[in-house]
Structures are given as structure tokens and as C-alpha cells.
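The values are calculated or read from the model by the stated rules, or taken from the named source; none is laboratory data. It should be emphasised that the depicted structure is a prediction, and the values quoted were computed from it without experimental measurement. No Cβ is skipped: glycine too gets one built from the backbone with ideal geometry, and neighbour counts run over all protein chains shown.
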Amino acid sequence: MTWLLPLPHLMITLMSMMNFVRKLGETSLKSVHKLGHMGIFMGKSLCCALTPPLKIALLIKQIQFIGFQSISVIFLTGAFTGMVLGYQGYNTLSRFGSDAFLGPMVALSLIKEMGPVISALMVTGRAGSSVTAQIGIMRISEQIDALRLMGLDPYRYLIVPNILACIICVPLLTAIFDVVGIFGGYLVGVKLLGMVSGTYFGEMMDYVDMKDITEGLWKSLNFGVIISWVCCFKGFYTGVYTGFGAEGVSKATTEAVVLSSVLILVWDYFLTSTMF
């Protein structure tokens with residue numbers, strides 16, 4: 001009967017495996033349910049955005065908050081990003097006698113990749129987190145429920161203005177980032193390292209075309225949708241997925257910033273590899 005002794009250990013192992021499979025299935029179902037919830041949320045938001053009435057005053061307020069108040073951050077990051085690109089690019093290209101191509105290198109790097117991505121990340125950290133926290137506090141303090149009781153649609157007053165403001169502002173902020181970054185590279189390459197000004201801008205005009213600019217603006221438009229979608233969703237459903245109270249708001253804000261940043265980088269890869 002000695003062969004019966006390992007049976008308890010075998011049963012414990014089987015139960016542990018079953019618990020692992022159960023938890024894995026439960027996590028997968030919750031993730032799929034959450035993705036579906038996010039899709040429904042975006043669908044409702046788009047329906048409200050495309051049908052009147054549109055809250056123009058709230059839209060202008062959010063454009064001022066998301067766009068205008070982010071210009072200083074975009075200006076600083078764009079300037080120093082362009083300066084770093086100019087310095088590193090000049091040192092690298094001069095080794096091969098190709099320092100005349102510094103202008104196209106800086107411009108294409110900013111317009112096609114670094115401008116849209118860094119601008120979107122900056123907007124996420126500065127404005128997206130604030131939007132999530134604001135809507136989350138309204139959720140846990142039952143202000144959203146009060147809007148429903150008064151017969152007002154929370155989507156039109158809270159979600160749609162943020163989505164439209166992000167779609168409008170992120171491409172414009174990206175354009176500012178690109179221009180400031182190009183002049184930052186000019187400052188380092190021409191004024192500091194002694195490159196000829198005409199060569200910097202002349203080669204840029206030869207190698208940068210409208211397709212490159214369109215690519216960068218299209219990416220920034222997609223990133224604006226991602227930022228507003230994720231941040232508004234995390235704030236709107238703070239009590240559902242992250243718990244109530246200050247801890248729930250802080251967790252929702254952290255998740256919004258992290259998820260938005262990751263999705264921006266992942267979606268940037270797919271846009272670059274499949275569409276352009």
C-alpha cells in the first residue's frame with residue numbers, strides 16, 4: 001500500500017494547477033470585458049461628438065487647458081530635443097564627411113517620429129493625468145450621478161470636449177514641437193558648431209516632402225484620440241475598476257498615464273511599419 005502515500009501530494013498539485021487555470025481564465029475574461037467596455041465607451045463618445053448639440057464653451061475651455069497651457073512644455077522639450085539631435089547628428093555625420101545632411105536628419109527625425117511621440121507623451125503627462133483625476137473625483141463624489149439626475153448627458157459635458165480638444169490640439173502642438181526642434185538643431189549646428197546656414201536649410205528643402213509632414217500629423221491625430229480615450233475612460237470608471245476614494249483616483253490616474261504612453265509607442269510602431 002506504499003503507492004497510496006503520494007496521492008495527497010498529487011491532489012494538492014492538481015488543485016494548485018486548477019486554481020492557476022481558474023485565475024488565468026478569470027483574468028482573461030475580465031480583460032476582454034474591459035476591452036469591450038472601452039470600445040462601447042468610445043462608440044458612445046463618438047456618437048455624442050457627431051450629433052448636436054455641441055458644447056462650444058466647454059470645448060474652448062478644454063482647448064485652452066490641453067493646448068495653450070501645454071505650449072511652454074512643448075517649446076522646452078522641442079528646443080532641447082532639436083539641440084541634442086543637432087549636436088549628436090553633427091558629430092556622427094562629420095565622421096563620414098556628410099555633415100551637410102544635418103538639416104534633413106534633424107527635420108525627418110522630428111517630423112516623422114520624435115515630434116509626434118514626444119509631444120503626445122508630454123500631453124499625456126501634463127493634461128491627460130489631470131483630466132483623469134478631474135473626472136475621477138467627479139465620479140467618486142457622485143457629481144456624474146447628479147448630472148444624470150438633472151437630465152444632463154455626462155458624455156456631452158465631460159467626455160466629448162476632452163476628446164475633440166485632444167484631436168485638435170495634439171497635431172498643433174506637434175507642429176510647434178517640430179518647428180522649435182528644427183531651430184534648436186539650427187542653433188547648435190550653425191551657431192555653435194559652425195555649419196553654413198544655407199546648407200542646413202537648403203538640404204532640408206530637398207529631402208523633406210509633404211508626405212513626411214502628413215505622416216507626422218496623421219500620427220499625432222491618432223495619438224490625440226488615444227490620449228483622450230484612455231484618460232477619459234479611466235476617470236469615468238474610477239469606482240468600477242480602481243476602487244473608490246483617493247486611492248482609486250490615484251490608481252486610475254497612474255493607469256491612464258502608463259496605458260496611454262504604452263499604446264502611443266505600440267501604435268507608433270504599427271503605423272510606421274504598416275501604413276507608411
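Tell me, please, whether a residue that is among the aromatic types (Phe, Trp, Tyr), under 19 Å from the mean Cα position of the chain (by Cα) and either surrounded by 13 or more Cβ atoms within 10 Å (Cβ to Cβ) or not in a helix (DSSP H, G or I) (or both) can be found in region 193-216. Within region 193-216 (the criterion being among the aromatic types (Phe, Trp, Tyr), under 19 Å from the mean Cα position of the chain (by Cα) and either surrounded by 13 or more Cβ atoms within 10 Å (Cβ to Cβ) or not in a helix (DSSP H, G or I) (or both)), the answer is no, since none of the residues qualifies. Residue count for region 35-52 satisfying the condition of being over 14 Å from Ile159 (Cβ atoms) and of a type in the set (Gly, Ala, Ser): 2.
No other residue among Gly128, Gly115, Gly103 is assigned to a helix (DSSP H, G or I), buried (at least 22 other Cβ atoms within 10 Å of the Cβ) and touching a Cys at 6+ places or on another chain (Cβ under 6 Å) apart from Gly128. Is it true that some residue in region 259-272 is part of a helix (DSSP H, G or I), out of contact with any Lys or Arg (no Cβ under 6 Å at 6 or more places or on another chain), closer than 15 Å to Pro171 by Cβ and acidic (Asp, Glu)? Yes, region 259-272 has at least one match.
Only one residue in Lys219, Lys234 is over 19 Å from Leu108 (Cβ atoms), surrounded by 14 or more Cβ atoms within 10 Å (Cβ to Cβ) and either in contact with a Pro (Cβ under 9 Å, 6 or more places away or on another chain) or not β-branched (Val, Ile, Thr) (or both). Which one?
Working: Lys219 fails: over 19 Å from Leu108 (Cβ atoms).
After ruling out the rest, the residue left standing is Lys234.
Filtered by the rule that a residue be closer than 20 Å to Gly125 by Cα and of a type in the set (S, T, N, Q), region 197-239 gives Ser220, Asn222, Ser228, Thr238. Of Leu110, Leu121, Leu76, all but one fail to be surrounded by fewer than 17 Cβ atoms within 10 Å (Cβ to Cβ), under 20 Å from the mean Cα position of the chain (by Cα) and either outside any helix (DSSP H, G or I) or not basic (Lys, Arg) (or both); the exception is Leu76.
Can you spot a residue in region 235-242 that is in contact (Cβ under 8 Å) with a residue 12 or more places away in the chain, closer than 14 Å to Ile163 by Cα and not charged (D, E, K, R)?
Initially, region 235-242 is screened for residues in contact (Cβ under 8 Å) with a residue 12 or more places away in the chain, giving 235-239, 241-242.
Filter once more, so that each one left must be closer than 14 Å to Ile163 by Cα: 235-236.
Now restrict to residues that are not charged (D, E, K, R): 235-236.
Yes, there is a match, as at least one residue in region 235-242 is in contact (Cβ under 8 Å) with a residue 12 or more places away in the chain, closer than 14 Å to Ile163 by Cα and not charged (D, E, K, R).
Looking at Ile163, Ile167, just one residue is surrounded by fewer than 24 Cβ atoms within 10 Å (Cβ to Cβ), modelled with pLDDT of 90 or more and either assigned to a helix (DSSP H, G or I) or under 17 Å from the mean Cα position of the chain (by Cα) (or both), and that residue is Ile167.
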